[in-house]
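The values are calculated or read from the model by the stated rules, or taken from the named source; none is laboratory data. Predicted, not measured: the structure shown is a model, and the values here were computed from it. Here the Cβ positions follow ideal geometry from the backbone for every residue, glycine too, while neighbour counts run over all protein chains shown.
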């Protein structure tokens, strides 16, 4: 077998392996090149036995940058990281830009908008200190493309939990994600009439409560739910015996909107919560495959169009 080469022709000589929580399907290998001691390249390999899909130069701190406090300790997110510079975060733990970027990406993929330190303390407990996005952005050396991804994901996650009360205009957080009827306690504390409004259309609440789909105001609707109800149908050419099913589904665990590429088996991996489920019957893959295979019709048939979106707490 020939040894793999870098774009410049250098031979890959060593590697370390790290798998981030929530990104178990993505394996990052960091290899050092024999004739480029100061450089690192990153190979991202999806699954097992597949060829690398992407190669990029790994980020590293400039040792002469006085804005960072460099420490002579292992990377405390990924102890297998190389011997490049490690910087100390506000909580006192050491990181490298690559490990910090990977960890924070994994948190976003799980729907978390707070960046917390996973390093272990001497007592074996996780640090748990919260880092601001500004700190993460600086210490992870985020590229323009990465900043765009992080900020869009943060906006999407936060929008689901925080909105401005139509009464007092204060941003409030919704704890019961399966109930659109929200009562603002800040209005009550300020002596104003308590505002009970619809989290979806932001108008005074009408109708019975609690409800997770809509209130009784005209034109109050969830655009994703409307898409689930009205999307086109599709067939899976690789799964004989399965008739047309909706082309858009909501993940049965976290509720994110997903589509099938129509090219393989009936199962699909959720890009956010990493759960694998059957696109046809909407059962988790393990449950569905108890009575059928990935390429045969489901014993329970095709699940109807979804009329509610699962809530991921």
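Structure above, values below:
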{"quantity": "Residue list for the stretch 216-232, restricted to those being surrounded by 11 or more Cβ atoms within 10 Å (Cβ to Cβ) and over 27 Å from the mean Cα position of the chain (by Cα)", "calculated": "216, 217, 220"}
{"quantity": "Condition broken by residue 287, with the remaining ones in (1) in a helix (DSSP H, G or I); (2) closer than 30 Å to residue 198 by Cβ satisfied", "calculated": "(2)"}
{"quantity": "Scan of the stretch 256-269 for residues that are on the phi > 0 side of the Ramachandran plot and touching a helix residue (DSSP H, G or I) at 6+ places or on another chain (Cβ under 8 Å), ordered by number", "calculated": "none"}
{"quantity": "For residue 111: the one exception among (1) in a loop (DSSP other than H, G, I, E, B); (2) in contact with a strand residue (DSSP E or B) (Cβ under 8 Å, 6 or more places away or on another chain)", "calculated": "(2)"}
{"quantity": "Selected residue (only one of 189, 276, 226 is within 28 Å of residue 170 (Cβ to Cβ) and without any contact (Cβ under 8 Å) to a residue 24 or more places away in the chain)", "calculated": "189"}
{"quantity": "Condition broken by residue 239, with the remaining ones in (1) assigned to a loop (DSSP other than H, G, I, E, B); (2) under 30 Å from residue 261 (Cα atoms); (3) outside the structural domain of residue 255 (by TED's automatic domain parsing) satisfied", "calculated": "(3)"}
{"quantity": "Exclusive hit being under 24 Å from residue 257 (Cα atoms) and either free of Cβ contacts under 8 Å to residues at least 24 places away in the same chain or surrounded by 13 or more Cβ atoms within 10 Å (Cβ to Cβ) (or both), set 135, 151", "calculated": "151"}
{"quantity": "Residue among 271, 304, 252 that is surrounded by fewer than 14 Cβ atoms within 10 Å (Cβ to Cβ) and touching a strand residue (DSSP E or B) at 6+ places or on another chain (Cβ under 8 Å)", "calculated": "271"}
{"quantity": "Residue check for residue 194: at pLDDT 80 or above, over 27 Å from residue 248 (Cβ atoms) and either touching a helix residue (DSSP H, G or I) at 6+ places or on another chain (Cβ under 8 Å) or exposed (fewer than 15 other Cβ atoms within 10 Å of the Cβ) (or both)", "calculated": "no"}
{"quantity": "Of residues in the stretch 279-298 being touching a residue at least 24 places away in the same chain (Cβ under 8 Å) and surrounded by fewer than 17 Cβ atoms within 10 Å (Cβ to Cβ), the one farthest from the chain's Cα centre (by Cα)", "calculated": "296"}
{"quantity": "Complete set of residues in the stretch 299-308 that are in contact (Cβ under 8 Å) with a residue 40 or more places away in the chain and either under 12 Å from residue 245 (Cα atoms) or touching a helix residue (DSSP H, G or I) at 6+ places or on another chain (Cβ under 6 Å) (or both)", "calculated": "302, 303, 305, 306"}
{"quantity": "Test result for residue 272, assigned to a strand (DSSP E or B) and either in contact with a helix residue (DSSP H, G or I) (Cβ under 8 Å, 6 or more places away or on another chain) or at pLDDT 95 or above (or both)", "calculated": "no"}
{"quantity": "Matching helices (runs of 4 or more DSSP H) fully within the stretch 116-219 where at least 2 residues are in the same structural domain as residue 96 (by TED's automatic domain parsing) and either within 23 Å of residue 309 (Cβ to Cβ) or in contact with a strand residue (DSSP E or B) (Cβ under 8 Å, 6 or more places away or on another chain) (or both)", "calculated": "133-139, 144-161"}
{"quantity": "Test: residue in the stretch 62-77 that is under 24 Å from residue 271 (Cα atoms) and touching a helix residue (DSSP H, G or I) at 6+ places or on another chain (Cβ under 8 Å)", "calculated": "yes"}
